[in-house]
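Undergrad: Below are the structure tokens for one structure; questions will follow.
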Amino acid sequence: MESAGSKGIENIRSLYLKLNSMFYKYSNEVTGILMSTLARENYLLIGPPGTAKTTLVYVLSKLLNARWFYRQLTKFTDLEEILGPIDVAKLLEGKVERIYVNSIVESDFALLDEIFNASSAILNTLLSLLNERVVYDGDKVIPVKTWTVFGSSNRIPEEEELQALYDRFPLRIFTEYAAPEDTEALLTKGWYLRRETENLSPVATMELIRDTYNELIRHLYVNISDVAKVTSPIIADFVEHVPISNRTRIKVPLYALAYLMIQGFPLSQVNATMLKVAVMKVSRYLVHDKEQLSEYDAFLTAHLPDELLKVSDLVSEAKALLNNNMINEAAQKIKEAEETLNRLKARWDKSLLSLYMSEIDETEYLIQRLRGAIYGSEQ
């Protein structure tokens, strides 16, 4: 068995780094797709067309040498397109059987594009597939091999009959178009992605994914009392602002441990602080809609370490001062922010720095932009 020991963790981390290097400003999407894969959870990508949702799933499948199934769903999609055609030879013998080869039943990953446009027959089939990994085909119950089901859509469903389906995707990400000022970087990365996609080689295996999932489950079975004691206060605080179902709430520790593995930490190295940070980070994927992301941001900010929160406040003050044309005062705030950030980076251990690297990188980026604005104002 291929375990998630040091070699397995290296492969998982390599998978993350490879995906992240290929897509432009897609680290949240990449983290989410790997977290859902390690946790064997359904994952929904919501956003406008042309934001690389399909490409992300395709590239992940290539990097894992996984069998993948893709369908764009419409009201006219029929069951044969999902489950496979009726076997005509068997039908002539009076038997009704399907050919499941190359259908969703035999796939490792399934991407259902525009999933909320499906007919009621498809929706009923999908509910059992998503929740139980079986499909009811006539009088037969067919086990489905699909490891993770990915859905994509450009909208959140408002129809009452679609809410059960939406709830079957507890992990969600909201994709967006790149900002106008990011166009040059997007063009460069986009052509790099196109070239790399044509020449991909696997960097890990589905066997590793399955074994890692089993290792995560075993760890939680043995340590759930300690894990619950650490994570429950953070989860409880989050659901005060963003309600999530009991079913999803129970799985948050699994998501958190998967997140830490993606960051390069084996289970043997996970401590209480890391687990708390991981819960805060994975909560981003549990919001119901895009509007709730502001609630998530407020939740995350409230739990930031004091030093990092101080840097964030200094940057915000500098921005406000600059907007009011108070150049010297803004420059002083930027200097204080940089000094505080440098002290933080010198004092924190590597694991904490790694877990907050996205916040640190974003803060440094904002500092650079404000410094450039201040320099421009002085010209």
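The values are calculated or read from the model by the stated rules, or taken from the named source; none is laboratory data. Bear in mind that the values here come from a model prediction, so they are computed numbers and not experimental data. Quick reminder, even Gly has a Cβ in these numbers, built from the backbone with ideal geometry, and neighbours come from all protein chains shown. The area values use the complete protein model at the heavy-atom level, side chains included, leaving out ligands, DNA and RNA. Shrake-Rupley method; radii C 1.70, N 1.55, O 1.52, S 1.80 Å.
Undergrad: Quick one: angle between helix 120-132 and the longest Cα principal axis of the chain, in degrees between 0 and 90, rounded to 10, please.
TA: Taking Cα atoms only, the helix is inclined about 70 degrees.
Undergrad: Mind checking the angle between helix 206-241 and the chain's longest principal axis? C-alpha axes, 0 to 90 degrees, to the nearest 10.
TA: 50 degrees
Undergrad: Contact order normalised by length for the chain, with contacts defined as Cα pairs under 8 Å and 6 or more residues apart; what percent is it? Don't skip to the answer; put the middle values down first.
TA: Numbers: 497 pairs, mean separation 75.9, N = 379.
Relative CO of the chain lands at 20 percent.
Undergrad: Let me check the size of the chain from its C-alpha atoms; what are the radius of gyration and Dmax in Å?
TA: Reported Rg and Dmax, both Å: 23.0, 87.
Undergrad: Could you sort 323-329, 52-58, 107-113 so that the peptide with the highest average Cβ count within 10 Å comes first and the rest follow in order? Write out the running numbers ahead of the final one.
TA: Values: 323-329: 11.7, 52-58: 20.3, 107-113: 23.6.
The peptides rank, most packed first, as 107-113, 52-58, 323-329.
Undergrad: What percent do you get for the relative contact order of region 15-89 when only Cα pairs under 8 Å and 6+ apart count?
TA: Details: 23 pairs, mean separation 15.3, N = 75.
Over region 15-89, the number comes to 20 percent.
Undergrad: Of all trypsin sites (Lys or Arg not before Pro) in region 83-114, which ones are in loop regions per DSSP and have a Cβ with at most 14 other Cβ atoms within 10 Å?
TA: Details: sites: LYS90, LYS95, ARG98; in loops: LYS95.
Answer by residue number: LYS95.
Undergrad: Also, quick follow-up: List, in the order given, every pair from LYS53/LYS350; LYS189/LYS251; LYS75/LYS145; LYS62/LYS276; LYS25/LYS335 whose Cα-Cα distance in the structure shown is over 29 Å.
TA: On the way: LYS53/LYS350 32 Å; LYS189/LYS251 35 Å; LYS75/LYS145 25 Å; LYS62/LYS276 33 Å; LYS25/LYS335 27 Å.
Exceeds cut-off: LYS53/LYS350; LYS189/LYS251; LYS62/LYS276.
Undergrad: Something else now. For region 25-92 and region 198-254, what is the separation of their Cα centres, given in Å?
TA: Comparing the Cα centres of region 25-92 and region 198-254, I get a distance of 21 Å.
Undergrad: Report GLU339's accessible area, 1.4 Å probe, all protein chains in place, as a number in Å² to the nearest 10.
TA: Accessible area, nearest 10 Å²: 80 Å².
Undergrad: Placing +1 at every Lys and Arg Cβ and -1 at every Asp and Glu Cβ, with all other atoms neutral, what dipole size does region 111-203 have around its Cα centre, in debye to the nearest 20? Before the final figure, lay out each step's value.
TA: Details: 9 positive and 16 negative charges, 96 e Å.
Around 460 debye, computed over region 111-203.
Undergrad: Check ARG98: other-chain or 5+ apart residues with amide H under 5 Å from its amide H, H built from backbone geometry?
TA: ASP87
Undergrad: Related question: So what is the relative contact order for region 200-350, in percent, with contacts set as C-alpha pairs under 8 Å and at least six apart?
TA: On the way: 97 pairs, mean separation 27.1, N = 151.
Worked out over region 200-350, it gives 18 percent.
Undergrad: In addition: Round to a whole angstrom and tell me the spacing of the C-alpha centers of region 314-378 and region 140-177.
TA: Region 314-378 and region 140-177 have Cα centres separated by 39 Å.
Undergrad: Follow-up. Calculate what fraction, in whole %, of the accessible area of region 101-189 sits on carbon and sulfur atoms when a 1.4 Å probe is rolled over the protein chains. Write out the running numbers ahead of the final one.
TA: Values: 2020 of 3990 Å².
Of the solvent-accessible surface of region 101-189, carbon and sulfur hold 51 percent.
Undergrad: I'd like the FRET efficiency for LEU293 and THR55, computed as 1/(1 + (r/R0)^6) with the beta carbon distance as r and R0 of 25 Å, rounded to 0.05.
TA: Values: r = 23 Å, r/R0 = 0.92.
The computed FRET efficiency comes out at 0.60.
Undergrad: May I ask you to evaluate 6.51 cos²θ - 1.76 cosθ + 1.60, the Karplus curve with θ = phi - 60°, for each residue of region 281-292 and list the ³J(HN,Hα) values in order in whole Hz, giving x for glycine and proline?
TA: Whole-Hz 3J(HN,Hα) from phi for region 281-292: 6, 6, 4, 3, 8, 9, 5, 7, 8, 5, 5, 6.
Undergrad: Suppose every Lys and Arg Cβ carries +1 and every Asp and Glu Cβ carries -1, with no other charges. What dipole size does the chain come out with about its Cα centre, to the nearest 20 debye? Mind dumping the intermediate values first?
TA: On the way: 42 positive and 52 negative charges, 183 e Å.
Around 880 debye, computed over the chain.
Undergrad: Could you tell me what percent of the accessible area of region 269-336 is made up of carbon and sulfur, with a 1.4 Å probe and every protein chain present?
TA: Values: 1580 of 3390 Å².
Carbon-and-sulfur percentage of accessible area, whole number: 46.
Undergrad: So, one more: I need the phi-derived Karplus couplings for region 58-69: 6.51 cos²θ - 1.76 cosθ + 1.60, θ = phi - 60°, integer Hz, Gly and Pro marked x.
TA: Calculated HN-Hα couplings, in order: 4, 5, 4, 4, 5, 5, 10, 6, 9, 6, 10, 10 Hz.
Undergrad: Here is a further query. Can you run phi through the Karplus equation (6.51, -1.76, 1.60; θ = phi - 60°) for region 318-334 and list ³J(HN,Hα) in whole Hz, with x for Gly and Pro?
TA: Result, ordered by residue: 4, 5, 5, 5, 5, 4, 9, 6, 9, 5, 4, 5, 5, 4, 5, 5, 5 Hz.
Undergrad: Say each of LEU127 and ASP87 gets a label point 7 Å from the Cα, pointing the same way as Cα to Cβ; how far apart are those two points in nm?
TA: In this crude label model, LEU127 to ASP87 measures out at 2.9 nm.
Undergrad: Sticking with this structure for a sec: Calculate, for the chain, the solvent-accessible area per residue in square angstrom, rolling a 1.4 angstrom probe over the heavy atoms of the protein chains.
TA: Numbers: 18730 Å² over 379 residues.
Roughly 49 Å² per residue, with all protein chains present.
Undergrad: How big is the C-alpha Rg of region 302-343 next to the rule-of-thumb value 2.2 N^0.38 Å, as a ratio?
TA: Here the answer is 1.16, to two decimals.
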